[in-house]
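Asks: Next up is a structure, given as C-alpha cells.
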Amino acid sequence: MHHCKNSDNYAFHVLRLGKIDYCIGCLANTVFLSFLLPLHISVITSELNPLLWTLILGYAAFQFWKVGASMLWGGNPESLTSTLFTVIYLITVHWVIMFGQIRIEIPELTLLLAILAFSLPQVTIYVWKIAASQEFKFPRSKLLIRICFIHGYLFALLYTRQDPVVGIVVILATAGIFVLLRAWAIGEVNRNSVSYVEPVPGNFDEDVSTSTRSFSNGVFRAPIAMLLAKPENSKTDCCIDFFCCSEICCSCLCALGS
C-alpha cells in the first residue's frame with residue numbers, strides 16, 4: 001500500500017515532520033478542522049454560544065494533544081474517542097455554518113466561483129494521475145491542494161444556507177466527481193506499480209496488491225479492492241496516521257470535499 005514503506009509510492013503519500021511520517025490527506029483534515037475552521041468560524045459568526053465555543057476549542061486542543069502524543073509515542077492514541085469527538089464536532093460546525101448567525105454575507109456568484117477555484121486543483125491532480133498513470137510526486141503541494149479542496153466544501157456549505165437545493169446539488173456533484181476520479185486514478189496508478197500487500201480484509205488504505213487487481217478493472221470496483229488489502233509488515237512500518245483514514249473526518253471531508 002502507498003502508506004507502507006515498502007511501497008514505491010510511499011514518499012508521495014506522506015509528509016515527514018521531524019522523524020514522523022504523516023498521511024497527507026489526514027494531516028490536511030487535522031490542520032483544517034483543528035486550526036483553520038475555528039479561525040474561520042470566529043471571523044464569519046456574529047454570535048456563538050459559549051458552550052459551542054468550548055466544544056470547538058476543546059476539539060482543537062484535543063487534536064493538538066493527539067498529534068503531540070503521536071510524535072512522542074509513535075502511535076495514534078485514542079482513535080475511538082477521537083472518532084466520537086469528531087462526529088460531534090462535525091455535526092456542530094455544520095449547524096453553525098449553515099444555520100448560525102453570520103456577519104459576512106457572500107454573494108452566490110462569488111461562492112460558486114470560490115467552490116470552483118478551490119476544488120479545481122484537487123480534480124487536476126487526479127486528471128494528471130489518470131493521464132500519466134503515475135503518482136503526483138509533490139507531497140507539500142498535495143497538502144496545500146487538499147486544504148484548498150476542503151475550503152471548497154466550506155464555501156459549498158455557505159452557499160447551501162442561501163440556496164439549499166442548489167447547494168446540496170453542488171455538494172453531491174462535487175463529491176461524486178471526486179470519488180469517481182479518485183477511484184479511476186488509483187486504478188491507473190496501480191496498473192503501473194507493484195505493491196507488496198496481501199489480500200486480507202480490514203484495511204482502509206487506497207492501494208491494492210497484484211492479487212486484488214482483478215477487483216479494480218472498473219472505476220466502481222476500485223473501492224472494493226481498497227478494502228481487501230493489508231500490508232505484510234507491521235503498522236510500525238507505515239505512516240503515523242495509517243488508521244486515520246477510517247475516521248469520520250476523513251470519510252466526510254475527503255469524500256464530500258477532504
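Asks: For the pair VAL43/ARG16, report the inter-label distance in nm, with labels modelled 7 Å from Cα in the Cβ direction.
Replies: Reported label-point gap for VAL43 and ARG16 is 3.3 nm.
Asks: Extension gain PHE138-ALA69, at 0.36 nm per residue separation less the Cα-Cα distance, in nm?
Replies: 22.1 nm
Asks: Pull out a ≥ b ≥ c, the square roots of the eigenvalues of the alpha-carbon gyration tensor of the stretch 65-135, then state rounded if a/c is under 1.5, prolate if not and a/b is larger than b/c, and oblate in the remaining case.
Replies: Taking the square roots of the gyration eigenvalues as a ≥ b ≥ c, the stretch 65-135 is oblate.
Asks: Please give me the summed charge of the neighbours of PRO139: other residues whose Cβ is under 13 Å from its Cβ, Lys and Arg +1, Asp and Glu -1.
Replies: +3
Asks: At most 11 other Cβ atoms within 10 Å and a DSSP loop assignment: could you name the GluC sites (Glu not before Pro) in the stretch 42-142 that fit?
Replies: Sparse-neighbourhood loop GluC sites (Glu not before Pro): GLU47, GLU105.
Asks: List the residues, sorted by chain then number, that are 5 or more residues from TYR22 or on another chain and whose placed amide H is less than 5 Å from its amide H.
Replies: Amide H neighbours of TYR22, under 5 Å, 5+ apart: LEU15, ARG16, LEU17, ILE240.
Asks: May I ask you to compute the full-extension gain from PHE99 to LEU172, defined as 0.36 nm times their residue separation minus their alpha-carbon distance, rounded to one decimal in nm?
Replies: 24.3 nm
Asks: So how much slack lies between THR124 and ASP8, counting 0.36 nm per residue of separation and subtracting their Cα-Cα distance, in nm?
Replies: 39.5 nm
Computed from the coordinates by the stated procedures, all read-outs in this text should not be read as laboratory data. Remember, predicted model here, so these are calculated numbers, not experimental data. Cβ sites come from the backbone with ideal geometry, for glycine too, and all protein chains shown count toward neighbours.
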